[in-house]
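Heads up, the thing below is written out as structure tokens.
FYI, it's all coordinate maths here, none of it is from the lab. Keep in mind it's a predicted model, so treat the numbers as computed, not measured. We place every Cβ from the backbone using ideal geometry, glycine too, and count neighbours over all the protein chains shown.
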Amino acid sequence: MKAMLFCAGIGSRLSPITDDIPKPMVEFMGKPLIDYTLSLVKDWGVREIAVNLHHHPESLERHLIEDWSNTFKVRFSRERVLLGTGGGLKEVEKYLNDGSFLTANGDFLLDPLLDISKILEMHSNNAAGATLLLIKDDSGRHTPIQTDTEGRLSYLGELLGEYEANAPRYSFCGLLILEPVIFDYLPKGRPYSVIAACIEMLKQGHLVQGYMLDGYWQELGETESYLKAHFDLLNRQSPYRSIVEDEGRFSFIQAENDLRHPCCVGANIHSGAVIRPPVALGLSCSIRDGGVVGPFTVIGEKAEVGGGAELSRTVLWGGVSVPRGIRLDGEIAYR
């Protein structure tokens, strides 16, 4: 199976972090966010991917070539103007029109235990034109989606149907299984949405259905959700906790007597520093005398917290230094 990863967006909701880097290169627990999606699709057996690029494309293209070209055959599609998910997909039609394929956004964490074979089986057995991964969501933060009793999409914001107040409400998780028929509903060379194309397919008699995710999903497209993904991990509410622990680049401090763990990764905690769990301390980070870290704080690899600095509910990227006396709460301290 082949896959299309949508990576061309400018990431305006994470500005100014994304002013100079593409959103898929935003750091999450010491690695570019895109690496977590790539690891998933690799485990699903995908070996050929298309990636659209627009905003500061050089860093993402270089990363994929240097770190992933031995895993995937990568086809890049640079967009002079943003074409949206639908317009971007249309640009790689010749590459993806030979069978079922998947598409994924570049700004979410999806449960690594998701069994893609079950989605593919449902998609194939029902002869669907499109299958959207959905998750139950009553938060009101995302476009609401509803399905009928057979799983067919029946409501999607202003694009489709009428909202049923007593029916379950879902959100789209950013993952799609598609058939090449989708290309018949995508315009060439202009911005368009792949979801809008799916709705047009549905109206023309193709089956567009939802598959309900029973597991973890977290978007990282804005500051609040980005921080929540880290806090979930610190709270042991994210399945990525065990993945990060296995990599050995961070020590997790859940209680004060856990301070023995930083020694395993060489964290330099001065005697006058204060650690308020839960926190994650990266390889070779440094917390100077009088520095206060936590609660709910991630200190990246080789990062430094100056004397008298206080960080709470904050993510400090690897290699970044916080000067003496600075106080951060609910912040992302990036390069």
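Taking the Cα atoms only, what angle lies between the long axis of helix 223-234 and the longest principal axis of the chain, rounded to 10 degrees? Between the helix axis and the principal axis of the chain, the angle is about 70 degrees. Taking Lys and Arg as +1 and Asp and Glu as -1, the other residues whose beta-carbon sits under 12 Å from that of D107 total 0. Packing, taken as the mean count of other beta carbons within 10 Å per residue, orders the peptides 187-200, 157-170 from highest to lowest as 187-200, 157-170. Specify the angular offset, from 0 to 90 degrees and rounded to the nearest 10, of the alpha carbon long axis of helix 116-125 from the longest principal axis of the alpha carbons in the chain. It is inclined by approximately 10 degrees. Each of R152 and Q237 was given a label point 7 Å from its Cα along the Cα-to-Cβ line. The distance between the two points is 3.7 nm.
Count Lys and Arg as plus one, Asp and Glu as minus one, and take only other residues whose Cβ is under 12 Å from that of G318; the net charge is then +1. As a rough guide to protection, the peptides 3-13, 235-245 ranked by mean Cβ packing within 10 Å, highest first, stand as 3-13, 235-245. In degrees, nearest 10, range 0 to 90: what is the angle between the Cα axis of helix 57-68 and the longest Cα principal axis of the chain? Taking Cα atoms only, the helix is inclined about 80 degrees.
Charged neighbours of L159, selected by a Cβ distance under 14 Å, balance to -2 (K, R count +1; D, E count -1). Only DSSP H runs of four or more residues enter the estimate; each adds -39500 (n - 2.57), and after division by the residues of the chain the mean residue ellipticity at 222 nm equals -6500 deg cm²/dmol. For the peptides 301-314, 61-74, the ranking by packing is 301-314, 61-74, with the highest mean count of neighbouring Cβ atoms within 10 Å listed first.
Ordering L281, L113 from the fewest to the most neighbouring beta carbons within 10 Å gives L113, L281. Counting only Cβ charges, +1 for Lys and Arg and -1 for Asp and Glu, the dipole size of the chain around its Cα centre is about 560 debye. Counted by neighbouring Cβ atoms within 10 Å, the residues E222, E121 run from fewest to most as E121, E222.
Would you list the P(r) distribution for the range 54-122, with all Cα-Cα distances sorted into 10 Å bins from 0 and each bin expressed as a whole %? Percent of Cα pairs in each bin: 14, 40, 40, 6. Note on S139 and A165: their simple-model spin labels are 2.5 nm apart, each label 7 Å out from Cα toward Cβ.
The order of M25, M122, going from fewest to most other C-beta atoms within 10 Å of their C-beta, is M122, M25. Looking at the range 2-219, what % of the alpha carbon pairs are farther apart than 28 Å? The answer is 26 percent, as a whole percent.
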